[in-house]
Amino acid sequence: MSILPICIYPEPVLRQKTEPVQNIDDGIQRLIDDMIETMYDAPGIGLAANQVGRSLSILVIDIQREESEYGLIVLMNPGLVDARGKVTFEEGCLSVPEYFAKVTRYEEVVVRGLDRQGERIEIAAGGLLAIALQHEMDHLEGKLFIDRIGPIARDIFKRKWKKKLKDGEESQPCLD
Ligand code: NI
């Protein structure tokens with residue numbers, strides 16, 4: 001296993017819709033192992049494959065809370081099948097370091113996808129897990145949490161980020 005470099009906004013791969021996984025081969029298994037290691041190392045509670053430069057519909061999540069019945073989640077080709085309620089929570093993202101903003105999402109979700117063996121799984125989640133699932137599924141669509149903040153907050157973010165890039169905190173190369 002190895003720790004992969006994380007793509008930082010505005011790296012273009014973060015803006016591309018990812019491709020569904022067709023064939024769960026050794027390369028995919030290795031990528032999943034590396035994503036898990038990279039997420040724990042960061043540390044983060046979730047990671048999407050395009051955050052490590054691979055435009056594939058794979059996410060890993062571990063919210064690291066005892067109350068979560070799921071533990072480490074590996075999900076491929078996920079889709080939202082049910083959702084209800086609204087909740088606002090302060091989010092961050094490994095691809096947008098040192099920036100946090102309130103985002104409103106569904107409070108409860110039901111998500112279907114494939115596990116790493118290719119078996120169909122369904123996850124019914126509330127709380128932090130529901131938020132993490134929606135955040136990571138957004139990544140797979142090429143969407144970031146900064147797309148879901150209000151216009152004023154986004155303006156402030158853009159100015160802040162421009163300054164940060166100008167100050168020499170450059171995006172690291174993250175593609176194979
Ligand atoms: Ni993120």
* Asked: Taking interchain pairs and intrachain pairs at least six residues apart, which have beta carbon atoms under 9 angstrom, with the first residue in the range 121-142 and under 13 Å from N77 (Cα atoms) and the second within 12 Å of the ligand (Cβ to nearest atom) and hydroxyl-bearing (S, T, Y)?
  -> H139/S95
* strands (runs of 3 or more DSSP E) (entirely within the range 46-116) containing at least 1 residues that are among the basic types (K, R) -> 73-84, 101-105, 108-114
* Asked: Within the range 33-66, restricting attention to residues that are in contact (Cβ under 8 Å) with a residue 60 or more places away in the chain and over 10 Å from the mean Cα position of the chain (by Cα), which residue is nearest to the ligand (Cβ to nearest atom)?
  -> V52
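Quick test for you: out of Y40, Y70, pick the one residue that is at pLDDT below 95 and either open to solvent by less than 40 Å² (accessible area, probe 1.4 Å) or closer than 26 Å to V21 by Cα (or both).
Of Y40, Y70, the one residue that is at pLDDT below 95 and either open to solvent by less than 40 Å² (accessible area, probe 1.4 Å) or closer than 26 Å to V21 by Cα (or both) is Y70.
Can you pull out every residue in the range 13-32 that is in a helix (DSSP H, G or I) and either of a type in the set (A, V, I, L, M) or under 16 Å from the mean Cα position of the chain (by Cα) (or both)? Walk me through it before giving the result.
Pass one, the range 13-32, residues in a helix (DSSP H, G or I): 13-15, 26-32.
Residues satisfying the conditions are V13, L14, R15, I28, L31, I32.
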* Asked: Does the range 76-92 include one or more residues that are within 16 Å of the ligand (Cβ to nearest atom), open to solvent by less than 100 Å² (accessible area, probe 1.4 Å), of a type in the set (A, V, I, L, M) and in contact (Cβ under 8 Å) with a residue 12 or more places away in the chain?
  -> no
* Hey, among the residues in the range 137-153 that are open to solvent by less than 50 Å² (accessible area, probe 1.4 Å) and of a type in the set (A, V, I, L, M, F, W, C), which one's farthest from the ligand (Cβ to nearest atom)? -> A153
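Suppose we filter L31, L47, L59, L72 for residues that are hydrophobic (A, V, I, L, M, F, W, C), in contact with a Leu (Cβ under 7 Å, 6 or more places away or on another chain) and more than 21 Å from E98 (Cα to Cα); which single one remains?
From the options L31, L47, L59, L72, the qualifying one is L59.
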* Structure fact -> All-but-one check, V110 against (1) surrounded by fewer than 18 Cβ atoms within 10 Å (Cβ to Cβ); (2) within 16 Å of the ligand (Cβ to nearest atom); (3) at pLDDT 95 or above; (4) not small (G, A, S), failing number (2)
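Against the condition more than 16 Å from the ligand (Cβ to nearest atom) and of a type outside the set (A, V, I, L, M, F, W, C), how does G126 come out, does it pass?
Numbers: more than 16 Å from the ligand (Cβ to nearest atom): yes; of a type outside the set (A, V, I, L, M, F, W, C): yes.
Judged against the criteria, G126 is a match.
The values are calculated or read from the model by the stated rules, or taken from the named source; none is laboratory data. If you're wondering where the values come from, they're calculated on a predicted model, not measured in any experiment. No Cβ is skipped: glycine too gets one built from the backbone with ideal geometry, and neighbour counts run over all protein chains shown. Heads up: the accessible areas ignore ligands, DNA and RNA and are worked out on the full protein's heavy atoms, side chains in. Shrake-Rupley method; radii C 1.70, N 1.55, O 1.52, S 1.80 Å.
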